[in-house]
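Engineer: Please find one structure pasted underneath; my questions will follow.
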Amino acid sequence: MTSKTQKLLSLLDGQPVIPVLKIERAADAVPLARALARGGLRAIEITLRTEEALEAIRRVAGEVEDSIVGAGTILNARQFEQAEAAGSRFIVSPGLTRELVDAGAASQVPLLPGTITPGEIMGALEAGLDFLKFFPAEQAGGAAFLKALASPIAGVKFCPTGGISAKNAGDYLALPNVVCIGGSWVAPDEMVKAGDWAGIEALAAEANKLRR
């Protein structure tokens, strides 16, 4: 296990669900992060799917001591550098490229790259990465697929994301090669838009009970 894997595990291990957030308004970032942290979900992933994403990361990194903010949907080295400069503690990508491997190697911020196939997972291992995102989880075969990988590719740990909800979260968390799962259901768009922070805190608290 590499030192960066250990660092990433120390940030995410013990938290069953990592909220995957798409933030349209940077002003929502701090109260949203605080609500999730109060519910027990300190580590969060803010995806670079909106124009406000980097500013949202800056605000959470600078104002919410209880949060561990990471950046998601990182597609290239430039975005990696921007997210790191904004204060991201970890970087999540939907896939794995040589450019991202090199960016991760040059940084102290750990990378959680997306993989699906055995070949992609083996490529990640060759790059020294053994804690991986499994994405898109449900569309790529779900918990049954990950279970099948546990023996032939032993030692690799996963954070499956994509199509996971409170209904099927337990199927993934029961697997020995799953550390945590990523999910957006803990912060629904309509609740964020309404500023229903108490409601989001309650959803986070329920998700935090999903222990292996």
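Engineer: Starting from segment 132-153, keep only residues that are at negative phi and of a type in the set (A, V, I, L, M), then list their pairs with residues that are crowded, with 17+ Cβ neighbours inside 10 Å and assigned to a helix (DSSP H, G or I) whose Cβ atoms are within a distance under 6 Å, requiring at least 6 positions of separation or different chains.
Structural biologist: 132/124; 143/171; 143/172; 153/121
Engineer: Right, here's the next one. For residues that are without any contact (Cβ under 8 Å) to a residue 12 or more places away in the chain, among the charged types (D, E, K, R) and assigned to a helix (DSSP H, G or I), tally how many sit in segment 59-92.
Structural biologist: So the answer is 1.
Engineer: When you check residue 36 against the structure, is it buried (at least 23 other Cβ atoms within 10 Å of the Cβ), within 16 Å of residue 205 (Cα to Cα) and in contact with a strand residue (DSSP E or B) (Cβ under 9 Å, 6 or more places away or on another chain), yes or no?
Structural biologist: Against the criterion (buried (at least 23 other Cβ atoms within 10 Å of the Cβ), within 16 Å of residue 205 (Cα to Cα) and in contact with a strand residue (DSSP E or B) (Cβ under 9 Å, 6 or more places away or on another chain)), residue 36 qualifies.
Engineer: Tell me, please, whether a residue that is part of a loop (DSSP other than H, G, I, E, B), of a type outside the set (Phe, Trp, Tyr) and in contact (Cβ under 8 Å) with a residue 24 or more places away in the chain can be found in segment 120-127.
Structural biologist: yes
Engineer: I'm told residue 9 meets every condition in (1) touching a strand residue (DSSP E or B) at 6+ places or on another chain (Cβ under 8 Å); (2) surrounded by 19 or more Cβ atoms within 10 Å (Cβ to Cβ); (3) assigned to a helix (DSSP H, G or I) except one. Can you identify the failing condition by its number?
Structural biologist: (2)
Engineer: Considering segment 89-105 alone, what residues qualify as being under 27 Å from residue 122 (Cβ atoms) and within 17 Å of the chain's Cα centre (by Cα)?
Structural biologist: Listed by number, the residues that qualify are 90, 91, 92, 93, 94, 95, 96, 100, 104.
Engineer: Could you list all residues from segment 12-36 that are touching a residue at least 60 places away in the same chain (Cβ under 8 Å) and not in a loop (DSSP other than H, G, I, E, B)?
Structural biologist: 12, 17, 18, 19, 20, 21, 28, 31, 32, 34, 35, 36
Engineer: Then there is this: Anything in segment 41-58 that is surrounded by fewer than 24 Cβ atoms within 10 Å (Cβ to Cβ) and either more than 21 Å from residue 162 (Cβ to Cβ) or touching a residue at least 60 places away in the same chain (Cβ under 8 Å) (or both)? List them, or say none.
Structural biologist: Answer for segment 41-58, where residues must be surrounded by fewer than 24 Cβ atoms within 10 Å (Cβ to Cβ) and either more than 21 Å from residue 162 (Cβ to Cβ) or touching a residue at least 60 places away in the same chain (Cβ under 8 Å) (or both): 42, 51, 52, 54, 55, 58.
Engineer: Still on this structure, I have one more. If I ask for residues that are in contact (Cβ under 8 Å) with a residue 60 or more places away in the chain and closer than 20 Å to residue 90 by Cα, which ones from segment 170-185 would you list?
Structural biologist: The answer is 179, 180, 181, 182, 183, 184.
Read-outs: derived from the displayed coordinates by stated rules, not from any lab. Note that this is a predicted model, so its numbers are computed, not measured. A quick note on method: Cβ atoms are made from the backbone with ideal geometry, for glycine too, and the neighbour counts reach across all protein chains shown.
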